[in-house]
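Asker: The structure follows.
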Amino acid sequence: MDLCPLKDNTGDNISDRNCYYCELTAIYWVWKNYKRLYPNLKYVGFCHYRRWFDFGNDADMILHNPDQYFDNDQKIILFNKEGYGVKSIRWCYYSDHLYQDFDMDMDIIHDTDKPFYEFCKEYFNTKNTLFYGKNSFIMSVGNFERYCSFMFGLLFEHDKRFGITPKNYKNHSDKCKQESPYLILDRNDQARFN
């Protein structure tokens, strides 16, 4: 019995990189293939298989009147914020992953968008900064397109310049790098994407 007819190994896909990118291969698949299957799609959402959204009193409106809830294209629903106490996001990444990956991504952002680089540098180095992780969101198709363009642009440029992080290195390092940009989108979407 096939529980899910949609697979990330059809159409335009990067499923061969799943061992590195985890759920990002599914996000990529939706980004590149949704227009063919759902040409009138207005919103896109993902949640982690072990973590679910709890909409509380807003559940009925979100599910039955999403246009009213998403009253403009900028509204994004993200998973709960997380923090590292007195540590910065950069410090935490350095502690748990290869610091070179982080620095290489910052170099790419510096080379492609210096004002955004300055924002990222301050954000990632500030202590007590909260961020959205878990690759869980609901957003308009417009925001989804902008987010994927940024995220996969950064990821593929990293792969092109430096190669893919070795499979045996703390599995899914590439995926972890892409969770922090959610807060950047949330805090800086006006400056970055308009």
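The values are calculated or read from the model by the stated rules, or taken from the named source; none is laboratory data. Given the structure is predicted, the values throughout are model-derived calculations rather than measurements. Quick reminder, even Gly has a Cβ in these numbers, built from the backbone with ideal geometry, and neighbours come from all protein chains shown. Just the protein is used for accessible areas: all its heavy atoms, side chains included, with ligands, DNA and RNA removed. Shrake-Rupley method; radii C 1.70, N 1.55, O 1.52, S 1.80 Å.
Asker: Within the range 105-112, does at least one residue satisfy the condition of being open to solvent by 80 Å² or more (accessible area, probe 1.4 Å), modelled with pLDDT of 75 or more and within 18 Å of the chain's Cα centre (by Cα)?
Answerer: Among the residues of the range 105-112, not one is open to solvent by 80 Å² or more (accessible area, probe 1.4 Å), modelled with pLDDT of 75 or more and within 18 Å of the chain's Cα centre (by Cα), which makes the answer no.
Asker: Which of the residues that make up the range 79-93 are modelled with pLDDT under 70 and part of a loop (DSSP other than H, G, I, E, B)? Before you say what the answer is, go through the steps one by one.
Answerer: As a first pass, look at the range 79-93 and keep what is modelled with pLDDT under 70: 79-86.
Result: Phe79, Asn80, Tyr84, Gly85, Val86.
Asker: Condition check: out of contact with any His (no Cβ under 7 Å at 6 or more places or on another chain) and modelled with pLDDT under 80. Does Asp96 satisfy that? Steps first, answer last, please.
Answerer: On the way: out of contact with any His (no Cβ under 7 Å at 6 or more places or on another chain): yes; modelled with pLDDT under 80: yes.
Judged against the criteria, Asp96 is a match.
Asker: Now for a separate question. Sort out which residues of the range 4-50 are of a type outside the set (Lys, Arg), part of a helix (DSSP H, G or I) and over 20 Å from Arg146 (Cβ atoms), and write them in order of number.
Answerer: At the first step, the residues of the range 4-50 found to be of a type outside the set (Lys, Arg) are 4-6, 8-16, 18-31, 33-34, 37-41, 43-49.
Add one more test, that the residue is part of a helix (DSSP H, G or I), and what stays is 15-16, 18-21, 24-31, 33-34, 37.
The answer is Ser15, Asp16, Asn18, Cys19, Tyr20, Leu37.
Every residue, every condition in (1) at pLDDT 60 or above; (2) assigned to a loop (DSSP other than H, G, I, E, B); (3) more than 27 Å from Pro39 (Cβ to Cβ); (4) within 17 Å of the chain's Cα centre (by Cα), yes or no:
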| site | (1), (2), (3), (4) |
| --- | --- |
| Phe131 | yes, no, yes, yes |
| Asn143 | yes, no, no, yes |
| Leu154 | yes, no, yes, yes |
| Lys170 | no, yes, yes, no |
| Cys176 | no, no, yes, yes |
| Arg187 | no, no, yes, yes |
| Ala191 | no, no, yes, no |
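Asker: Something else: Could you list, in sequence order, the residues of the range 159-168 that are at pLDDT below 85 and assigned to a helix (DSSP H, G or I)? Can you show your working first?
Answerer: Start the filter on the range 159-168 by keeping residues that are at pLDDT below 85, which leaves 162-168.
Matches in the range 159-168: Phe162 only.
Asker: Follow-up. Report, by residue number, each residue of the range 68-78 that is modelled with pLDDT of 65 or more and open to solvent by 80 Å² or more (accessible area, probe 1.4 Å). Full working, then the answer.
Answerer: Pass one, the range 68-78, residues modelled with pLDDT of 65 or more: 68-70, 75-78.
If the condition is that a residue be modelled with pLDDT of 65 or more and open to solvent by 80 Å² or more (accessible area, probe 1.4 Å), then Gln68 is the only one that fits.
Asker: Out of (1) in contact with a strand residue (DSSP E or B) (Cβ under 8 Å, 6 or more places away or on another chain); (2) modelled with pLDDT under 75; (3) surrounded by 15 or more Cβ atoms within 10 Å (Cβ to Cβ), what's the single condition that is false for Val44?
Answerer: Among (1) in contact with a strand residue (DSSP E or B) (Cβ under 8 Å, 6 or more places away or on another chain); (2) modelled with pLDDT under 75; (3) surrounded by 15 or more Cβ atoms within 10 Å (Cβ to Cβ), Val44 violates only (2).
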